[in-house]
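Colleague: Once you've had a glance at the structure underneath, I'll fire off some questions.
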Amino acid sequence: MVHGELLYEGKAKRIYATENPEIVLVQYKDSATAFNGKKFATIEGKGQLNNQITSLLFQELRASGIDSHFIEQIAKNEQLVKRVSVIPLEVVVRNVAAGSFSKRVGMEEGIRLKHPIVEFYYKDDALGDPLITEDHIDILGLASEEDVAVLKKNALQINKKLTGLFASAGIKLVDFKLEFGKDSKGQILLADEISPDTCRLWDEVSNAKLDKDVFRRELGSLTEAYKKILEKLEGLQNA
Ligand code: C5P
């Protein structure tokens with residue numbers, strides 16, 4: 001696949017045009033960032049791991065009827081996806097108290113929530129991606145009430161599928177962040193990535209962290225943790 005024009009370069013990915021205006025190429029980079037870009041490192045092999053894990057998860061979701069922008073993985077660190085216009089919201093689903101939730105409401109990390117919850121954050125670097133309410137989304141014109149309902153319903157459906165999938169691999173899905181976009185027909189599609197960069201994944205037995213918290217909190221080798229996730233998921237596929 002010939003890389004067309006570089007359309008966008010973010011903290012973890014580059015997006016290139018392709019010969020088809022409806023399709024873009026996503027290249028996963030070896031960079032790790034945290035705390036809104038304040039902590040930064042290059043970690044060899046991270047891009048490939050995240051691309052492979054995301055591709056595998058999008059394929060699993062597709063197999064259970066949940067479509068996304070994902071088309072196919074074309075290289076260890078590259079995938080083709082449908083071009084969408086991204087809705088400027090981060091949709092976070094939580095099963096277990098951790099991270100900013102624990103800090104905000106004072107619930108100790110590790111406590112299982114009564115039921116999964118969905119939160120919305122406004123994708124705006126200058127504001128530091130703040131938590132926002134559905135009324136804020138409406139006032140800012142970020143998404144319609146109907147679209148917000150679809151985002152919530154899809155996020156919980158994805159959570160159900162992923163929680164089961166990770167559980168079969170001996171991993172607890174604590175929380176994760178999703179992004180959605182609209183395709184040329186106005187259809188809402190799951191977009192971006194689902195990887196240890198965007199999920200909290202704990203070993204079911206030891207509760208060892210196998211996600212970006214290893215980098216954020218300096219708990220050891222990030223690539224070793226991500227490799228474990230990929231191996232466990234591949235193990236399921238080969239079973
Ligand atoms: O930091 P917080 O507890 O709000 O994160 C919730 C989940 O969303 C975590 O799995 C985290 O990795 C993910 N997240 C993300 N990108 C962000 C913020 C959070 O992937 N910008």
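The values are calculated or read from the model by the stated rules, or taken from the named source; none is laboratory data. Quick caveat, the model's predicted, so the values are computed rather than measured. No Cβ is skipped: glycine too gets one built from the backbone with ideal geometry, and neighbour counts run over all protein chains shown.
Colleague: Return yes or no: is Glu109 in the same structural domain as Gly181 (by TED's automatic domain parsing), acidic (Asp, Glu) and either closer than 21 Å to Ile171 by Cα or modelled with pLDDT under 95 (or both)? If you could, list the steps in order and put the result at the bottom.
Modeller: On the way: in the same structural domain as Gly181 (by TED's automatic domain parsing): yes; acidic (Asp, Glu): yes; either closer than 21 Å to Ile171 by Cα or modelled with pLDDT under 95 (or both): yes.
Yes: the conditions hold for Glu109.
Colleague: With the checklist (1) in a loop (DSSP other than H, G, I, E, B); (2) touching a residue at least 12 places away in the same chain (Cβ under 8 Å); (3) not assigned by TED's automatic domain parsing to the domain that holds Lys46 in hand, flag the one item Ile66 doesn't pass.
Modeller: (3)
Colleague: Now for a separate question. Surrounded by 17 or more Cβ atoms within 10 Å (Cβ to Cβ), of a type outside the set (Gly, Ala, Ser), more than 16 Å from the ligand (Cβ to nearest atom) and modelled with pLDDT of 95 or more: does that describe Gln59?
Modeller: no
Colleague: Can you work out which of the residues in the stretch 70-106 that are in the same structural domain as Thr18 (by TED's automatic domain parsing) and of a type in the set (Asp, Glu) is surrounded by the fewest Cβ atoms within 10 Å (Cβ to Cβ)?
Modeller: The qualifying residue surrounded by the fewest Cβ atoms within 10 Å (Cβ to Cβ) is Glu72.
Colleague: Across the stretch 165-224, what is the total count of residues that are of a type in the set (Lys, Arg), within 16 Å of the ligand (Cβ to nearest atom) and touching a residue at least 12 places away in the same chain (Cβ under 8 Å)?
Modeller: First pass over the stretch 165-224, keeping only residues of a type in the set (Lys, Arg): 172, 177, 182, 185, 200, 209, 212, 216-217.
Subset that is within 16 Å of the ligand (Cβ to nearest atom): 172, 177, 200, 209, 212, 216-217.
Keeping just the survivors that are touching a residue at least 12 places away in the same chain (Cβ under 8 Å) gives 172, 177, 200, 209, 212, 216.
Qualifying residue count for the region: 6.
Colleague: Let me ask something else. Can you confirm whether Leu233 is on the phi < 0 side of the Ramachandran plot, at pLDDT 95 or above and crowded, with 22+ Cβ neighbours inside 10 Å? Even if it seems obvious, please write down each step before you answer.
Modeller: Numbers: on the phi < 0 side of the Ramachandran plot: yes; at pLDDT 95 or above: yes; crowded, with 22+ Cβ neighbours inside 10 Å: no.
Considered against the rule, which asks whether it is on the phi < 0 side of the Ramachandran plot, at pLDDT 95 or above and crowded, with 22+ Cβ neighbours inside 10 Å, Leu233 comes out as no.
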